[in-house]
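Student: Here it is, the structure, as structure tokens.
Please treat every number below as a calculation from the coordinates, not as lab data. Model, not experiment: these values are computed from the prediction. In this analysis, Cβ positions are derived from the backbone assuming ideal geometry, glycine residues included, and neighbour counts consider all displayed protein chains.
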Amino acid sequence: MIAVEDKDELGFGRIRLGSVEDASGDSPTNFVKKNVEKRSIVRTDGWKGYNDLRKIGYEHVVQETLSSPGENMLPLAHRIASLMKRWLAGTYQGAVRNQHLDYYLDEYTFRFNRRTSTSRGKLFYWLVQQAMVVAPVTANQILGGTGDLEAAVDGKDKT
């Protein structure tokens with residue numbers, strides 16, 4: 001899922017990216033609750049998974065009814081998706097693995113949200129600060145539970 005802060009004429013603000021278990025039930029609502037400040041305006045497509053946003057304190061605007069066919073109804077979210085796909089292809093050059101999706105999303109979010117920082121020296125500080133609040137990941141977890149580096153790299157991991 002993609003959440004983009006709309007800064008009107010200034011363009012993008014901060015972003016939040018995340019994977020969800022499924023596209024039904026509470027997954028989208030939980031993502032919004034976790035990543036978007038209450039009373040914010042949340043613009044979405046017409047998917048019914050967002051129907052409860054008003055009930056939990058958000059102003060919900062459905063863009064589908066405001067867009068004509070073929071028009072990009074959520075341009076900021078689509079631009080972030082496009083930029084992220086280009087970044088993934090250029091950075092990992094075809095070696096992207098599904099089991100690492102959350103790590104890719106976190107890295108891209110970190111980089112994107114600090115793209116205009118005037119305090120470039122603080123990037124290392126922020127990275128260390130973030131590393132301190134995130135639980136460590138073992139090599140076994142990175143390798144998909146097998147401990148077999150060659151199988152994990154080749155994509156032959158059976159887990």
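Student: Taking the Cα centre of the chain as the origin, how large is its charge dipole in debye, to the nearest 20, when only Lys and Arg (+1) and Asp and Glu (-1) carry charge on their Cβ atoms?
Tutor: About 520 debye.
Student: Shifting gears a bit: Roughly how tilted is helix 75-92, in degrees to the nearest 10 and between 0 and 90, from the longest Cα axis of the chain?
Tutor: Once rounded, the angle reads 10 degrees.
Student: Okay, moving on. Using helices alone, I'd like the mean residue ellipticity at 222 nm for the chain: each DSSP H run of four-plus residues gives -39500 (n - 2.57), total over residue count, nearest 500.
Tutor: Per the formula, -11500 deg cm²/dmol.
Student: Report the dimensions of the range 37-107 along its three principal axes from the alpha-carbon atoms, largest first, rounded to Å.
Tutor: Answer, in whole Å and largest first: 40, 30, 18 Å.
Student: When the convex hull of the C-alpha atoms of the chain is computed, what volume per residue in Å³ does it have?
Tutor: Here the figure is 167 Å³ per residue.
Student: Between helix 101-113 and the chain, what is the angle of the helix's C-alpha long axis to the longest principal axis, kept within 0 to 90° and rounded to the nearest 10?
Tutor: 60
Student: Counting other beta carbons within 10 Å of each residue's own, what order do Val96, Val62 fall into, fewest first?
Tutor: Result, fewest neighbours first: Val96, Val62.
Student: So how do Ile142, Ile15 line up by other beta-carbon neighbours within 10 Å, fewest first?
Tutor: Ile142, Ile15
Student: Now for a different question. Residues with beta-carbon under 14 Å from that of Met1, excluding Met1: net charge, scoring Lys, Arg +1 and Asp, Glu -1?
Tutor: -2
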